[in-house]
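*Asks:* Please find one structure pasted underneath; my questions will follow.
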Amino acid sequence: MKKSPCFLTAIVALTVTIASCSKDEAIVNDKMPAATTVAEAAITGNVTYTLVKSATPTATEQAAYDLITTAMDTAVKYMNAYTTFTKSITVTYVPSVATADGNINGSIRFGSNTYYMNAATALHEIAHTVGVGTSSVWWNTLIVSGIYTGPVATQILRTITGDSTAQIHGDSQHFWPYGFNYPSEFSSYHDYIYHCNILEGMKQDGL
């Protein structure tokens with residue numbers, strides 16, 4: 001689909017504003033920065049989730065539910081502030097799952113390893129529910145020989161990094177940078193925004 005120059009300008013203007021913030025700047029108490037441009041303020045998503053819980057949870061289950069709720073609440077907050085995706089997600093706690101996983105059918109499962117019960121992992125799995133590594137357009141069009149081919153998300157990365165030759169890399173399941181393939185990739189709350197900016201660009205690229 002051909003994108004209009006006005007739309008591309010709005011997307012790039014949004015990321016220029018975000019990229020102007022220091023990546024190392026901490027946002028106290030997970031408070032998102034206020035919208036500073038019309039383009040940024042106009043982005044509103046509708047991502048929701050339901051966490052399936054046991055009627056009589058054990059102490060271990062309740063601890064997991066608490067961590068997962070915090071992770072998903074944060075992830076959904078950023079998705080809805082910085083993308084236009086609409087998705088209804090069902091989240092379950094499945095101890096046998098090694099880490100966590102997400103499916104385009106709208107399901108996310110968290111395993112028993114609490115290291116992965118965080119917002120970065122939640123955002124990563126939400127990305128799977130909207131097509132990253134789970135849709136035919138990802139496999140057949142957007143990723144070619146390990147490189148992401150969509151122009152909008154690519155330009156967003158270049159704006160974020162200040163590198164006019166930067167490329168998004170990917171495989172059959174993941175993308176990087178800012179794909180949160182490991183929780184250790186998170187360094188500041190701006191990374192959540194960059195992740196969502198890139199996802200929004202991928203949506204405009206046809207994801």
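The values are calculated or read from the model by the stated rules, or taken from the named source; none is laboratory data. Not measured: the values here are computed from a predicted model. Ideal geometry is used to build each Cβ from the backbone, glycine not excepted, and the neighbour counts take in all protein chains shown.
*Asks:* Within region 33-66, can you find the residues that are assigned to a loop (DSSP other than H, G, I, E, B) and at pLDDT 50 or above?
*Replies:* I43, T44, G45, V52, K53, S54, A55, T56, P57, T58
*Asks:* Let me ask you something else. Look at V137 and say whether it is free of Cβ contacts under 8 Å to residues at least 60 places away in the same chain, more than 17 Å from the chain's Cα centre (by Cα) and loosely packed, with under 15 Cβ neighbours inside 10 Å.
*Replies:* no
*Asks:* Might you check whether a residue that is of a type in the set (A, V, I, L, M) and outside any loop (DSSP other than H, G, I, E, B) occurs anywhere in region 178-194?
*Replies:* yes
*Asks:* In region 167-198, how many residues are β-branched (V, I, T) and over 12 Å from the mean Cα position of the chain (by Cα)?
*Replies:* Adding up the residues that qualify gives 1.
*Asks:* Considering only residues that are charged (D, E, K, R) and either within 16 Å of P183 (Cβ to Cβ) or without any contact (Cβ under 8 Å) to a residue 40 or more places away in the chain (or both), look in region 83-119 and name the one that is surrounded by the fewest Cβ atoms within 10 Å (Cβ to Cβ).
*Replies:* So the residue we want is D101.
*Asks:* Where residues in region 67-101 are within 17 Å of L199 (Cα to Cα) and of a type in the set (G, A, S), which of them is modelled with the lowest pLDDT?
*Replies:* Checking each candidate, the answer is A81.
*Asks:* Right, another one. Considering region 72-112 alone, what residues qualify as being under 15 Å from H128 (Cβ atoms) and either acidic (D, E) or under 13 Å from the mean Cα position of the chain (by Cα) (or both)?
*Replies:* M72, A75, V76, M79, T83, F85, K87, D101, G102
*Asks:* Please enumerate the residues belonging to region 67-111 that are closer than 11 Å to E125 by Cα, assigned to a loop (DSSP other than H, G, I, E, B) and among the small types (G, A, S).
*Replies:* G106
*Asks:* For S188, all conditions in the list (1) within 14 Å of T149 (Cα to Cα); (2) touching a residue at least 60 places away in the same chain (Cβ under 8 Å); (3) not β-branched (V, I, T) hold save one; what is the number of the exception?
*Replies:* All conditions pass for S188, except number (1).
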